[in-house]
1. Of all the accessible heavy-atom surface of region 131-278, with the other protein chains kept in place and a 1.4 Å probe, what percent is carbon and sulfur?
2. By average Cβ neighbour count within 10 Å, what is the ranking of 22-32, 86-96 from highest down?
3. Place a +1 charge on the Cβ of each Lys and Arg in region 78-167 and a -1 charge on the Cβ of each Asp and Glu, then give the dipole magnitude about the Cα centre in debye, rounded to the nearest 20.
4. Are there trypsin sites (Lys or Arg not before Pro) in region 169-239 that DSSP puts in a loop and that have at most 12 other Cβ atoms within 10 Å, and which ones?
5. What FRET efficiency comes out for the pair THR129/TRP248, r = Cβ-Cβ distance, R0 = 25 Å, nearest 0.05?
6. Per residue, how much accessible area does the chain have with a 1.4 Å probe, in Å²?
7. Read through the labelled values [x] 19.7; [y] 18.4; [z] 21.6 and report the label of the one computed as Kirkwood radius over Cα pairs in Å from the structure.
8. Total Lys pairs in the chain closer than 15 Å by alpha-carbon, pairs eight or more apart in sequence or interchain only?
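The values are calculated or read from the model by the stated rules, or taken from the named source; none is laboratory data. Here the structure is a predicted model, which means the values were calculated and not measured. We place every Cβ from the backbone using ideal geometry, glycine too, and count neighbours over all the protein chains shown. Each accessible area value is taken on the protein alone, full model and side chains, heavy atoms only, with ligands, DNA and RNA left out. Shrake-Rupley method; radii C 1.70, N 1.55, O 1.52, S 1.80 Å.
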Amino acid sequence: MAAEGHAPTAGEYIVHHLTHLQNKKQTAIVDFSVFNLDSIFFAVLLGVIGSFIFWRVAKTATSGVPGRFQAAIEILVEIVEGQAKGIVHNAKSRKLVAPLALTVFVWIFLMNAMDLLPVDLLPLLGEKTGVHYLRVVPTADLSVTMGLSLSVLIVCLVYNVKIKGWGGWIHELFAAPFGDKVILYPFNFLMQMIEFIAKTVSHGMRLFGNMYAGELIFLLIALMGGAWSLSATGIGLMIGHIIAGTAWAIFHILIITLQAFVFMMLALVYIGQAHDAH
């Protein structure tokens, strides 16, 4: 933006911050050959950080009085395990599902938390190193959230087959929800496909929509600070920027936690449904 020789307008500023670092220019609405490199980098980095945190806690865990951080992690593990136990009643399945739910929650929380960084901090550092576009909130990228929801769908399909067998699951696709009658088979199958698609799309879109909106609000608040000047209006905008930014950041802590929890709970519910026979 600086190379153009003029300060960006509000529209240019927002568009610039909402543009991904990609391997090539996207030419269609759906193009699976385009990769958002910034989302991939930060998602992997935060996944590694989350794994390292749990590895360190596990390595330094004591059987005596735990430290504050170990106690916080233990409380989190117990909460997730309790939720998994109440939804997925198969004890054998929970050995995988509970850790999976914990991983989903922590990973999404860390990705969401990137929204709390100053919106210009990492993009400015990127500009200094020749990276002109950089979005740092992976969950504000639809391809990431839909990838997560598709992963949950795959887990659900695996458990459908594992619990019910190929024959039982295929029979369920054609016999539910309207009944095991040949004339109803097409309608049952259509409804099952619609359910799988609707759950997957809504699962990913819910997380994306909330995080994208949060990112956009932070950009709008940043514009208030960028418009400051030594005038009554400019000073008022700066004061509004500080107040609005602080208030929204505090409120956003609840949002990023809630969205991670909701995604995890829906994943548990969908996997639990895969264990139920109709």
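1. 79
2. Values: 22-32: 9.3, 86-96: 14.2.
Going from most to least packed, we get 86-96, 22-32.
3. Value, rounded to 20: 640 debye.
4. Numbers: sites: LYS181, LYS199, ARG206; in loops: LYS181.
For trypsin sites (Lys or Arg not before Pro) across region 169-239 that sit outside H, G, I, E and B with at most 12 neighbouring Cβ atoms in 10 Å, the list reads LYS181.
5. E(calc), rounded to 0.05, equals 0.30.
6. 57
7. So the structure-derived entry is [z].
8. So the count of such lysine pairs works out to 4.
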